[in-house]
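Here the structure is laid out as structure tokens; the discussion comes afterwards.
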Amino acid sequence: MTILNILTYPDKFLSQPAKPVENIDGAIQNIIDDMSSTIYEAPGVGLAAIQVGFDQSIIVYDISPRDENRSLHVLINPKIISSEGTTISENEGCLSVPDYRADVKRSASILVEGFDRKEKPLKIEAHGHLAVVLQHEIDHLNGILFIDRISSLKRGLYKRRIKKLLRQK
Ligand code: NI
């Protein structure tokens, strides 16, 4: 298994939508294995394939990655079927947006459908933290970063900071 390089903003690859997986073949299984090692190495709670350079609709997540009983979940071609209520994620962050956190308005509960890596259909009713993580990762598959969901004032400040950092390199 390989630790993959995580793309960061403003990499344009991050803003393109992922393609649905048509065949869960060996190549897809390899991507999933590499994403699994990468998420724990980072460490992060969620990772979308687009963040590691694959435009395929795959996410992996584990909302207790530091616990001894890790349990990695794989979701292929996830779709939000319904959503309810609103919540504000506190200090949302992203491996592709280093050193920045913000509160983001999210749905409080969602129903997600997709497939696991054995092609078994999944239906996940998510609330609270899990609901936020899944919305964040599914956003990635649509080319959306959490900074696209904050006020343009805050986003502008962040973008200026990054531009300045890039100039210094
Ligand atoms: Ni992210």
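The values are calculated or read from the model by the stated rules, or taken from the named source; none is laboratory data. Please read all numbers here as calculations on a predicted model, not as lab measurements. Glycine also receives a Cβ, built like all others from the backbone with ideal geometry; neighbour counts cover every protein chain displayed. Heads up: the accessible areas ignore ligands, DNA and RNA and are worked out on the full protein's heavy atoms, side chains in. Shrake-Rupley method; radii C 1.70, N 1.55, O 1.52, S 1.80 Å.
A few remarks follow.
- Nitroxide proxy distance, nm - points 7 Å out along Cα→Cβ at Glu84 and Arg101: 2.9
- Sorting 115-124, 133-142 by their mean Cβ neighbour count within 10 Å, with the most densely packed peptide first, gives 133-142, 115-124.
- Projecting the Cα atoms of Tyr61, Ser152, Ser36 onto the charge dipole of the chain, computed from C-beta unit charges around the Cα centre, puts Ser152 farthest toward the positive end.
- Efficiency of FRET from Cβ geometry, Ile63 and Asn5, R₀ 30 Å, rounded to 0.05: 0.80
- Shown is the FRET efficiency for Leu111 and Leu72, computed with R0 = 22 Å from the Cβ-Cβ distance and rounded to the nearest 0.05: 0.55.
- For Cys94, the residues whose modelled amide H falls within less than 5 Å of its own, excluding neighbours fewer than 5 places apart on the same chain, are Tyr100.
- Cross-link pairs exceeding 20 Å between alpha carbons, from the set Lys12/Lys164; Lys105/Lys164; Lys12/Lys79; Lys79/Lys118; Lys19/Lys105: Lys105/Lys164; Lys12/Lys79; Lys19/Lys105.
- Taking Lys and Arg as +1 and Asp and Glu as -1, the other residues whose beta-carbon sits under 11 Å from that of Ser109 total -1.
- Taking all protein chains into account, the per residue accessible area for region 96-163 stands at 54 Å² (1.4 Å probe).
- Selection from Ser71, Gly26, Asn5 lying farthest towards where the dipole of the chain points positive, charges on Cβ: Asn5
- Extension reserve of the Ile124-Lys169 stretch, reckoned as 0.36 nm per residue once the Cα distance is removed: 11.9 nm
- Accessible surface of region 12-168, 1.4 Å probe, proportion on carbon and sulfur as whole %: 48
- Between region 24-40 and region 112-141, the alpha-carbon center distance in angstrom: 17
- Here the ratio of the Cα radius of gyration of region 1-111 to 2.2 N^0.38 Å is 1.10.
- Accessible area, probe 1.4 Å, largest first, for residues Phe13, Phe146: Phe13, Phe146
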